[in-house]
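Below: the structure, in structure tokens.
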Amino acid sequence: MSKWLKKGNLIITISIFVIILVIIFILPVSLPIIFALLTAIIINPLVKLTEKKFKWNRQISVISVFILILAIITSLLYFTVTQLIGKIIDLTKVAPDYFNTLSGMWIDVQNKLLQYTSGMPEEVVIGIQKEFKNVFDSIRESILNLLSYDKIMSLMTEIPNFLVSFTVFIIALFLFMLELPELKRLLFRHLTTSTAEKARFMITRLNSVIFGFLKAQILVSLIVFVVTFIGLLLVIPKYAIVMSLVIWIIDIIPILGSIIILAPWSLYMFISGDIATGTQLAILAAVLMIIRRTVEPKLMGSQIGLSPLPTLIAMFIGLKLFGFIGFFIGPLAVILFTTAREAGIIKVNFRV
């Protein structure tokens with residue numbers, strides 16, 4: 001009992017307890033600042049390249065790179081918002097026609113159902129009609145719940161929170177970009193020589209991991225875009241470019257991805273009677289899901305130095321624990337542990 005009360009063990013216990021409290025209570029509300037720090041670290045090589053290329057000092061280089069990034073973010077937000085508003089306006093104009101079309105399709109389905117079940121027992125016919133009605137009512141309730149007043153107001157109330165978080169992210173990003181060298185010096189000032197060497201090894205390793213992760217995501221996204229464009233070009237050439245871009249952007253959402261777009265689209269084609277197109281869209285959705293779930297772990301594993309199995313497990317557990325952001329936290333946590341073990345900070349050497 002006395003050995004557990006030693007100073008070293010007590011410090012480790014308190015440290016673990018503090019880390020748990022930080023993860024539970026402070027980390028969720030500090031995400032904009034953490035993202036700002038990570039972004040500053042990622043784009044720091046670009047700042048250094050600007051300093052070296054144009055012979056500018058740190059402040060001018062930071063301001064130049066920051067303006068460039070801000071221009072890119074602003075352009076993307078402007079394009080996304082304007083396109084979204086335009087699509088919503090177009091949807092409100094054509095929504096009555098769509099509802100009339102769906103009503104006509106439902107009547108056709110009922111008529112065809114009566115034809116196909118004309119020779120069946122009455123109990124079977126009533127059961128089939130009841131199941132179809134339940135499915136239709138369920139779809140209608142889902143649409144009404146999605147477009148309900150509470151859902152819309154909930155979404156509207158999140159907009160100010162997003163704007164505040166985004167503003168904090170932008171300001172913190174600029175300040176971190178300016179103060180990153182000073183923060184690095186402050187960190188190493190409190191480290192011994194051996195610990196500083198281990199920390200430098202971890203920082204170098206993490207830089208390569210972050211760039212490898214981004215490279216893997218870009219490669220997977222390009223593969224998804226090319227396959228989607230070719231598939232839609234064969235199925236529905238009219239919407240190939242636009243829908244490929246939409247699916248390419250949506251596909252970043254873990255687990256669901258392109259299914260969010262292609263599954264309802266395929267179902268709509270089946271209901272409208274276009275069985276061939278519906279089947280082709282369903283096959284395309286399955287192909288994209290297979291590509292995302294098989295190619296992504298392999299690419300990420302090769303780029304960040306992990307085998308596909310630990311990468312897949314880390315992404316899945318992170319996704320279940322932390323949601324969307326856990327998709328990235330999982331592999332990063334494994335990389336941190338592996339790097340700390342390689343640097344000698346964490347020693348795992350035991351036998352059972």
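The values are calculated or read from the model by the stated rules, or taken from the named source; none is laboratory data. Just so you know, these numbers come straight off a predicted model, no measurement behind them. Neighbour counts run over all protein chains shown; Cβ positions are idealised from the backbone, glycine included. Calculation scope for accessible area: heavy atoms of the full protein, side chains included, ligands and nucleic acids excluded. Shrake-Rupley method; radii C 1.70, N 1.55, O 1.52, S 1.80 Å.
Being modelled with pLDDT of 75 or more and of a type in the set (A, V, I, L, M) is a property that Ile335 has. Considering (1) at pLDDT 80 or above; (2) over 22 Å from Ile291 (Cα atoms), the lone condition that Thr195 does not fulfil carries the number (1). Answer yes if at least one residue in the stretch 181-192 is assigned to a helix (DSSP H, G or I), out of contact with any His (no Cβ under 6 Å at 6 or more places or on another chain), open to solvent by less than 60 Å² (accessible area, probe 1.4 Å) and at pLDDT 80 or above, and no otherwise. Looking for residues that are assigned to a helix (DSSP H, G or I), out of contact with any His (no Cβ under 6 Å at 6 or more places or on another chain), open to solvent by less than 60 Å² (accessible area, probe 1.4 Å) and at pLDDT 80 or above, one finds at least one in the stretch 181-192, hence yes.
Do we have any residue at all in the stretch 194-216 that's open to solvent by 50 Å² or more (accessible area, probe 1.4 Å), of a type in the set (S, T, N, Q) and not in a helix (DSSP H, G or I)? No, there is no match, as no residue in the stretch 194-216 is open to solvent by 50 Å² or more (accessible area, probe 1.4 Å), of a type in the set (S, T, N, Q) and not in a helix (DSSP H, G or I).
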